[in-house]
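The values are calculated or read from the model by the stated rules, or taken from the named source; none is laboratory data. As the structure is a prediction and not an experimental result, all values here were calculated from the model. When we count neighbours, we look across all protein chains shown, and the Cβ atoms used for this are built from the backbone with ideal geometry, even at glycine. Accessible surface areas use protein heavy atoms only, side chains included; no ligands, DNA or RNA. Shrake-Rupley method; radii C 1.70, N 1.55, O 1.52, S 1.80 Å.
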Amino acid sequence: MDLQKAAKQLDQAANDASPIAQLSLKESFDLNEAYEIQRLAIAERLERGEQLIGLKMGFTSEAKMKQMGVHDMIWGRLTDSMLIPNGGETPLSKYIHPRAEPEICFRISKDISDEIALQDLPNYVGGVAAAIEIIDSRFENFKFSLEDVVADNCSSIGCVIGEWRDPKKDLRNLNMVQHFNDETVAQGSSNDILGDPWKSLQAATRLAAQYREPIKAGHIIMAGAATAAVFMKQNSEVSAEVESLGKVSFRVV
Ligand code: OOG
Ligand code: MG
């Protein structure tokens, strides 16, 4: 597998909003190569001036693994071009087949280069917020293998972050609901994220240590969706509400 060529193809597909065939259908590659393709594809963005702003965790819930037929936790990178302001708008034409999913996001307050124990994590977090992730697989029909989706930066393309709240709280058992206009399109519990969203952050610190990719103060970490993701529709408001964290929204135009 030509990793650089694959990275450029994925980067181009995202820029053109035009899907490509699954990489794994042509040639098999392993998970290490998949993360290297991801790193190279993000390097293309960084070379164009985008800034790394954090990480996203994926497949941290049963609902997501079931929806996509993939059964391992994955992680991807977020850049500033992916941020949509809370209450802002985004054109449907920018995407291939975008889906939205409600999430919980952590804001890191202290650099992390080692795995951090669950009970110590609040010392590294300055805020926690309700969030929405937009995912838009660069592969035709949103179909992929584990290696494909990792190479494709775990389908990430956008995120919207709500108001930051005091992180010194139990994040278990919070109702999470997503609306398109007034219609409820997804509903779950924060418990569906590994039993406790803090465990997703814990996993992120383990991966940061394993891949020697420190998490920096100011970075954000998306914990992964508790529910299946839903295809976005033009001229609609997408909102997510997480019990005790509040509401976050954007418009699809
Ligand atoms: C992969 C991304 C998974 C999550 O929150 O579990 C993810 C996909 O579903 O296309 O972002
Ligand atoms: Mg997600």
Taking segment 81-136 and keeping residues touching a Phe, Trp or Tyr at 6+ places or on another chain (Cβ under 6 Å), within 14 Å of ligand 2 (Cβ to nearest atom) and either open to solvent by less than 10 Å² (accessible area, probe 1.4 Å) or of a type in the set (A, V, I, L, M) (or both) leaves 136
Heads up, the strands (runs of 3 or more DSSP E) in segment 165-253 (entirely inside) with at least 2 residues that are within 15 Å of ligand 1 (Cβ to nearest atom) are 175-180, 183-189, 220-222, 236-242
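Select, from 140, 147, the only residue that is buried (at least 20 other Cβ atoms within 10 Å of the Cβ) and within 16 Å of ligand 1 (Cβ to nearest atom).
Details: 140 fails: buried (at least 20 other Cβ atoms within 10 Å of the Cβ).
Matching residue, one of 140, 147: 147.
Sort through 101, 115, 147 and tell me the only one that's more than 16 Å from residue 18 (Cα to Cα), part of a strand (DSSP E or B) and of a type outside the set (S, T, N, Q). It would help to see each step written out before you state the result.
Details: 115 fails: part of a strand (DSSP E or B); 147 fails: part of a strand (DSSP E or B).
Checking each option against the conditions leaves just 101.
Restricting to segment 228-253, what's the tally of residues that are of a type in the set (Val, Ile, Thr), farther than 15 Å from residue 159 by Cα and open to solvent by 20 Å² or more (accessible area, probe 1.4 Å)?
Applying the first criterion (of a type in the set (Val, Ile, Thr)) to segment 228-253 yields 230, 238, 242, 248, 252-253.
Applying the additional criterion that residues be farther than 15 Å from residue 159 by Cα yields 242, 253.
With open to solvent by 20 Å² or more (accessible area, probe 1.4 Å) added as a condition, the list becomes 253.
Matching residues across segment 228-253 total 1.
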Within segment 126-135, is even one residue farther than 12 Å from residue 221 by Cα, within 10 Å of ligand 1 (Cβ to nearest atom) and in contact with a Gly (Cβ under 9 Å, 6 or more places away or on another chain)? yes
Flagged pairs (Cβ under 6 angstrom, 6 or more apart or on separate chains; first in segment 213-225, open to solvent by 10 Å² or more (accessible area, probe 1.4 Å); second among the hydroxyl-bearing types (Ser, Thr, Tyr) and more than 14 Å from ligand 1 (Cβ to nearest atom)) are 214/113; 217/109
Counted residues in segment 45-73 being open to solvent by 30 Å² or more (accessible area, probe 1.4 Å), farther than 21 Å from residue 100 by Cα and outside any loop (DSSP other than H, G, I, E, B) come to 3
